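Here's the structure we're looking at; comments come further down.
Laboratory data are not the source of any read-out in this text; all were calculated from the coordinates shown. All values derive from a computational prediction rather than experimental measurement. Please note: Cβ atoms are built from the backbone with ideal geometry, for glycine as well, and neighbour counts cover all protein chains shown.
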Amino acid sequence: MILPLNNMIKFHKKYFILSIVIFTLEIFIEKTTGFIRYTLGDFFAVILVYTLIKSFLNISVLKASLLALAVAFGIEFLQLSSLQNYYPEKYKKTVSLILGTSFSIGDLIAYTIGIVCTFFVEYRVKSFMIKDDL
C-alpha cells in the first residue's frame with residue numbers, strides 16, 4: 001500500500017512555535033537539578049517530540065502521541081546498551097544531554113504522564129473549539 005505522503009506532510013506553524021517555546025523551556029530546565037531537571041525535563045521532552053511531529057506531519061493526535069512515546073521509549077531503552085561508550089569524544093556532552101546515559105523507569109513514567117497530559121489537552125482544546133463554533 002502506498003501512503004499518500006502529500007497529505008501526510010504539512011507544516012503547522014502553531015505546533016512549530018510551541019516546539020520553540022518548549023525547547024526554550026528545556027534549555028532553562030537543563031540548568032537546574034533534581035526533580036525539575038530529571039522529571040519535569042522528561043515530561044516536557046516527550047511533549048517537545050510530540051509538537052515537532054505535529055509541526056511537520058498531518059496525523060491524528062493519537063498517532064502523533066504514540067509515535068512521540070515510541071521515540072522517547074526507544075531512546076530510553078537504548079540507554080540499556082553500551083551506546084554511550086561510543087559517543088564521539090568531541091560531542092559526548094551534547095549527545096549525552098540529548099540521548100541520556102542511564103536507563104530509568106522514572107523517565108518512562110514521566111514520558112507516559114507527559115504524553116497522556118498532551119493527549120487530553122489536545123482533545124479538550126479541540127472539543128472547546130468545536131463548541132465555540134456552534
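Order 19-29, 74-84 from most to least packed using the mean count of other Cβ atoms within 10 Å.
The most tightly packed comes first, giving 19-29, 74-84.
Based on Cβ point charges of +1 for Lys and Arg and -1 for Asp and Glu, what charge dipole magnitude is obtained for segment 10-133 about its Cα centre, in debye rounded to the nearest 20?
So the dipole magnitude of segment 10-133 works out to roughly 320 debye.
Stretch TYR87-VAL125 to full length: gain in nm at 0.36 nm per residue minus the Cα-Cα span?
The span from TYR87 to VAL125 would gain 9.6 nm if fully extended.
Per-residue ellipticity at 222 nm for the chain, helices alone: DSSP H runs ≥ 4 residues times -39500 (n - 2.57), over residue total, nearest 500 deg cm²/dmol?
The helix contribution divided over the chain gives -23000 deg cm²/dmol.
What is the distance, in nm, between label points placed 7 Å from the Cα along the Cα-to-Cβ direction at LYS63 and at LEU108?
2.7
Per residue, how big is the convex hull of segment 10-133 when only Cα atoms are used? Give it in Å³.
Dividing the Cα hull volume of segment 10-133 by its residues yields 120 Å³.
Using a cut-off of 24 Å between alpha-carbon atoms, which lysines can reach LYS13, once sequence neighbours fewer than 8 places away in the same chain are excluded?
Here the lysines satisfying the reach criterion relative to LYS13 are LYS54, LYS63, LYS126, LYS131.
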